[in-house]
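Structure first, commentary second.
The values are calculated or read from the model by the stated rules, or taken from the named source; none is laboratory data. This one's a predicted model, so the numbers in the text were calculated from it and none came from an experiment. A quick note on method: Cβ atoms are made from the backbone with ideal geometry, for glycine too, and the neighbour counts reach across all protein chains shown. Surface accessibility is based on the protein's heavy atoms, side chains included, excluding ligands, DNA and RNA. Shrake-Rupley method; radii C 1.70, N 1.55, O 1.52, S 1.80 Å.
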Amino acid sequence: MRIAGIIALIAIFMIVLFSFDPFGSIPEPIEEIVNRVNVPNLVTSVYLETRLYDTIFEIIVFTITALGVASLFTSLPVNSDEGQQVFGTVTVYSGGLAALSITLFLYVVINGHISPGGGFVGGVVLATGVVTYGLTSSFRRASLHYEIFKVNILENVSLILIFAFSCFIIIFPEVHAQILSEAGFGSVFSGGLIPMMNILIGIKVYAGAWKMSSEFIDRRGTL
């Protein structure tokens with residue numbers, strides 16, 4: 001069995017090696033998408049332009065999942081242990097990690113159409129930083145931001161705007177194509193509604209990921 005696995009890996013490697021042509025021309029369908037959408041990051045142009053229906057249903061599935069987790073944990077008791085013991089150095093590093101995650105979130109959602117990134121990635125990055133800060137520093141303090149910044153309202157508004165912008169792109173593709181072609185290729189403002197969609201998706205993913213994580217921590221306690 002182990003020999004067969006090694007042979008399979010070698011065969012796959014050889015197929016990829018001989019089929020890869022770094023100096024070849026861009027396949028025509030990909031070149032067509034790049035020229036039409038005017039966005040360097042082809043992944044972003046696909047999931048927010050040519051396959052926007054998939055993205056809409058992914059957001060719906062994610063929303064239902066977050067609601068399901070929250071509903072499931074409603075019947076469980078909240079952990080009453082308020083003591084959270086952490087080392088001072090861990091607190092300092094976790095605060096820096098949270099600040100770094102906010103910076104990376106802004107970068108990947110704003111530049112997601114011209115470099116690797118996007119709304120889903122940005123939301124996960126931000127949620128990871130804030131959850132890590134809550135676990136290693138002060139979960140109660142980290143939880144305050146959800147109420148102070150009205151994240152639940154931002155999440156609902158983001159969902160409505162995502163559907164609104166998606167409908168606009170689907171119903172008026174020529175208008176959005178005109179907006180995409182206005183700015184120079186590769187510039188921050190060349191994405192039309194795509195950067196705004198990335199920001200909204202990032203907020204939605206962050207809010208849902210934080211909500212699910214906080215529900216687990218409220219019931220199970222911190223580390």
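Just a few scattered comments:
- Spin-label model, residue 220/residue 150: points 7 Å from Cα along the beta carbon direction are separated by 3.3 nm.
- The candidates 94, 187, arranged from most to least accessible area with a 1.4 Å probe in the full protein assembly, appear as 187, 94.
- At the residue level, residue 213 shows approximately 40 square angstrom of accessible surface with a 1.4 angstrom probe and all protein chains present.
- Each residue of segment 113-128 was assigned a 3J(HN,Hα) from its phi angle through the Karplus expression (A = 6.51, B = -1.76, C = 1.60, θ = phi - 60°), giving 8, 10, 8, x, x, x, x, 5, 4, x, x, 5, 4, 5, 5, 4 Hz with x at Gly and Pro.
- Table column - 3J(HN,Hα) (Hz), segment 215-220, Karplus curve with 6.51, -1.76, 1.60, x for Gly and Pro: 5, 4, 5, 4, 8, 9
- With the whole protein complex present, residue 133 retains an accessible surface near 40 Å², based on a 1.4 Å probe.
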